[in-house]
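Have a look at the structure below, then the notes.
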Amino acid sequence: MVSKIKDDRGSGQKNKEWKAFAVFSGASLQLLVSMIVFGFLGHALSQRWNVAWPTLVGVLFGLFAGVYGLSFLIKRFLGEKP
């Protein structure tokens, strides 16, 4: 019976670890996708206008949006109100 209780505690810890892994991998994926999408949109504008700065602006805006979403998820994961 003692070993059964011990096994239950171990599986609960593993569930928390997998939940944390899922949250943080999803958050990093969100950061990457937002940078790629806004960078692509900036690049499309760069080609249309024949200037280079919209690509940089798009990547930086994507970085900002991704970090904002990342901070929102981390606060939610830690139990704080965003």
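Since every read-out is calculated from the coordinates, none of them should be taken as a lab result. Here the structure is a predicted model, which means the values were calculated and not measured. Note that each Cβ is placed from the backbone with ideal geometry, even for glycine, and that neighbours are counted across all protein chains shown.
Quick notes
- Using only the C-alpha atoms, the convex hull of segment 14-82 corresponds to 56 Å³ per residue.
- Annotation for Phe24 and Val37: the two label points, set 7 Å from Cα along the Cα-Cβ direction, are 2.4 nm apart.
- Contour excess over end-to-end distance, with Cα ends at Trp49 and Lys14 and 0.36 nm allotted per residue: 7.4 nm
- Computed from backbone phi with θ = phi - 60° and the Karplus coefficients 6.51, -1.76 and 1.60, the 3J(HN,Hα) list for segment 22-38 is 5, 5, 6, 6, x, 5, 5, 5, 4, 4, 5, 5, 5, 5, 5, 5, 6 Hz; x is used for glycine and proline.
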